[in-house]
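Asker: Quick one: this structure, given as structure tokens, is what I'll be asking you about.
The values are calculated or read from the model by the stated rules, or taken from the named source; none is laboratory data. Computed from a predicted structure; not experimentally measured. Cβ: placed from backbone, ideal geometry, glycine included. Neighbour counts: every protein chain shown. For accessibility, only protein heavy atoms count, side chains too; no ligands or nucleic acids. Shrake-Rupley method; radii C 1.70, N 1.55, O 1.52, S 1.80 Å.
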Amino acid sequence: MSTRRKVSLITLGCARNEVDSEELAARMEDAGWDLAEGADGADVVVVNTCGFIEAAKKDSIDTLLAAHDSGAKVVAAGCMAERYGKELAEALPEADAVIGFDDYAGIGERLDDVMAGRRRAAHTPRDRRTLLPISPVERSAARAAIPGHGDDSAGDLPAGVAPASGPRVLRRRLGGGPVAPLKLASGCDRRCTFCAIPAFRGAYVSRPPAEVLEEARWLAGHGVRELVLVSENSTSYGKDLGDLRALEKLLPGLAAVDGIERVRVSYLQPAETRPGLIEAICGTPGVAPYFDMSFQHASGPVLRSMRRFGDRERFLGLLDQIRRLAPEAGVRSNFIVGFPGESEDDFEELAEFLSAARLDAVGVFGYSDEEGTEAAELDGKLDPAEVAARVEELTTLAEELTAQRAEDRVGSEVHVLLEDKTEDGDVEGRAAHQAPEVDGTVLVRGAGLALGEIVAARVTGSEGVDLIADVS
């Protein structure tokens, strides 16, 4: 009797990568591989890398080297592998294979090659936007490998046509817990000057609503209570399906899935956040009034240089629209400091926006050139020491403001999804205004609390962005 081989899968980066890894895991099991918890005892370690910013790329390299040190064969997959391909393979001989997105469907064969010592040439990277038609509505008839969109059940059916039995969920949960990401779409059609993601993730492609709903039901059947909808830009969902209101129509269906208690939308583009979408998020029972807004800056001139739209006044107006419908809505955003040409006045404009915006969570990043982006060629680069100083100043301000925002919630009632027990016997979870991993948490005190349930609790205190609450 043959012994099944073992593969360990390490995921780095964002929640979108988590979905891609769970598709890879299902494909590997289908190909006869057992999933190992860690590198020890694994025949092969597959590292799903992140290639977004320099720190993430360094983390990916370090993880690949550590996997090599375990004695297992090593495969580099994910965004960094797709973005650099042959270049990464030449620079990192410790990796036994570097695979791109086009290799995912045949991952079993790729692993067989690795075990047999057959070296396959890594791919030469290309702009994946060129693989699909420019017109979004023509993309459903085209074929391209898109991680996290796997559906092997269609066979020889035309692209975009599901089999009569319905979509097959090609996914294997790698972690437990009551929360899971659910991919709405992949790719991006925007052309922000600082971002390289569209070139290696490709053009925007929405998953059909029936496929998303089927996966939501599958996740509910595996103990998931909160769905976190992820993509590069959730506000574009449906534009390639011929329906710009597709997300508004999908949300009630997702919230109605038996077993799902909360649906959260992430990655919203301010310029595309329509009044109807705001109303759907704020007014649909079971959907968290939560807005993960990609502001990036608040100075009009800097945003134009980023090839983005808006300014402090418009963004504050958008927040007013949200809070008129849901005063306790959670809002988070990330900001880039020190972008080429950012003046002291531009920086002050951003600081003033933060002071007025009352955000629940803020990420601050210092600008650095990203290979292959337009911003890398812009004039007006700031001295790195100045960029670091502005990051420190804005981070300090953001920490003060978000702590105050948390303190303002003392006395309010929150609905907390219970996720972890503490050593003291209390339970930690997240309220509707808090997304997993990136935002704060709520420490809930009370008796008889069960993980996975949502409880009403009264906020009695705060520590930074975190809250303390007693069961109501």
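Asker: Exactly one condition in (1) part of a loop (DSSP other than H, G, I, E, B); (2) open to solvent by 40 Å² or more (accessible area, probe 1.4 Å); (3) within 21 Å of TYR267 (Cα to Cα) is not met by LEU359; state its number.
Answerer: If we test LEU359 against (1) part of a loop (DSSP other than H, G, I, E, B); (2) open to solvent by 40 Å² or more (accessible area, probe 1.4 Å); (3) within 21 Å of TYR267 (Cα to Cα), just (2) comes out false.
Asker: Okay, next question. Going residue by residue through the stretch 114-136, is there one that turns out to be touching a Pro at 6+ places or on another chain (Cβ under 8 Å), of a type outside the set (D, E, K, R), within 25 Å of SER8 (Cβ to Cβ) and not in a loop (DSSP other than H, G, I, E, B)?
Answerer: no
Asker: How many of the residues making up the stretch 306-336 are open to solvent by 40 Å² or more (accessible area, probe 1.4 Å) and either without any contact (Cβ under 8 Å) to a residue 24 or more places away in the chain or outside any strand (DSSP E or B) (or both)?
Answerer: Adding up the residues that qualify gives 12.
Asker: Something else about it: Within the stretch 458-467, identify whether any single residue is of a type in the set (Val, Ile, Thr), surrounded by fewer than 20 Cβ atoms within 10 Å (Cβ to Cβ) and in a strand (DSSP E or B), and answer yes or no.
Answerer: Scanning the stretch 458-467 turns up at least one residue that is of a type in the set (Val, Ile, Thr), surrounded by fewer than 20 Cβ atoms within 10 Å (Cβ to Cβ) and in a strand (DSSP E or B).
Asker: Out of ARG110, ARG172, report the one residue that is at pLDDT 90 or above and under 23 Å from the mean Cα position of the chain (by Cα).
Answerer: ARG172
Asker: Considering (1) in a loop (DSSP other than H, G, I, E, B); (2) touching a Leu at 6+ places or on another chain (Cβ under 7 Å); (3) charged (D, E, K, R), say which one GLU370 fails and leave the rest.
Answerer: Failing condition for GLU370: (2).
Asker: Could you go through the stretch 54-69 and let me know if any residue there is among the polar types (S, T, N, Q), more than 30 Å from ILE336 (Cβ to Cβ) and out of contact with any Asp or Glu (no Cβ under 6 Å at 6 or more places or on another chain).
Answerer: no
Let's see how each residue does on (1) modelled with pLDDT of 90 or more; (2) among the acidic types (Asp, Glu); (3) open to solvent by less than 10 Å² (accessible area, probe 1.4 Å):
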site	(1), (2), (3)
LEU9	yes, no, no
ARG27	yes, no, no
GLU37	no, yes, no
ILE61	no, no, no
LEU64	no, no, yes
HIS68	no, no, no
ALA77	yes, no, yes
GLU87	yes, yes, no
ALA95	yes, no, yes
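Asker: Sort out for me the helices (runs of 4 or more DSSP H) sitting completely within the stretch 171-271 that have 3 or more residues that are open to solvent by less than 10 Å² (accessible area, probe 1.4 Å).
Answerer: Ranges flagged: 209-221, 246-255.
Asker: Moving on to the next point. When ALA55 is evaluated against the numbered criteria (1) open to solvent by 60 Å² or more (accessible area, probe 1.4 Å); (2) over 18 Å from the mean Cα position of the chain (by Cα), which criterion, by number, is the only one it fails?
Answerer: Every listed condition holds for ALA55 apart from (2).
Asker: Going through the stretch 416-457 one residue at a time, which ones are assigned to a strand (DSSP E or B) and more than 29 Å from VAL230 (Cα to Cα)?
Answerer: Listed by number, the list holds a single entry, ARG445.
Asker: Restricting attention to the stretch 420-434, which residues are modelled with pLDDT under 95, closer than 14 Å to PRO178 by Cβ and open to solvent by less than 60 Å² (accessible area, probe 1.4 Å)?
Answerer: VAL427
Asker: From ALA375, ALA351, grab the single residue that is touching a Phe, Trp or Tyr at 6+ places or on another chain (Cβ under 6 Å) and outside any strand (DSSP E or B).
Answerer: None of the other options fit; the residue is ALA375.
Asker: Also, quick follow-up: Check GLY41, GLY32, GLY13 and return the single one that is buried (at least 18 other Cβ atoms within 10 Å of the Cβ) and not hydroxyl-bearing (Ser, Thr, Tyr).
Answerer: The unique qualifying residue is GLY13.
Asker: Anything in the stretch 272-296 that is of a type in the set (Gly, Ala, Ser) and open to solvent by less than 40 Å² (accessible area, probe 1.4 Å)? List them, or say none.
Answerer: Within the stretch 272-296, GLY276, ALA280, GLY286, ALA288, SER294 meet the criteria.
Asker: Is the stretch 243-262 home to any residue that is within 20 Å of GLN321 (Cα to Cα) and touching a residue at least 60 places away in the same chain (Cβ under 8 Å)?
Answerer: The answer is yes; a qualifying residue exists.
Asker: Is it true that some residue in the stretch 387-398 is assigned to a loop (DSSP other than H, G, I, E, B) and either of a type outside the set (S, T, N, Q) or without any contact (Cβ under 8 Å) to a residue 12 or more places away in the chain (or both)?
Answerer: The answer is no, given that none of the residues of the stretch 387-398 is assigned to a loop (DSSP other than H, G, I, E, B) and either of a type outside the set (S, T, N, Q) or without any contact (Cβ under 8 Å) to a residue 12 or more places away in the chain (or both).
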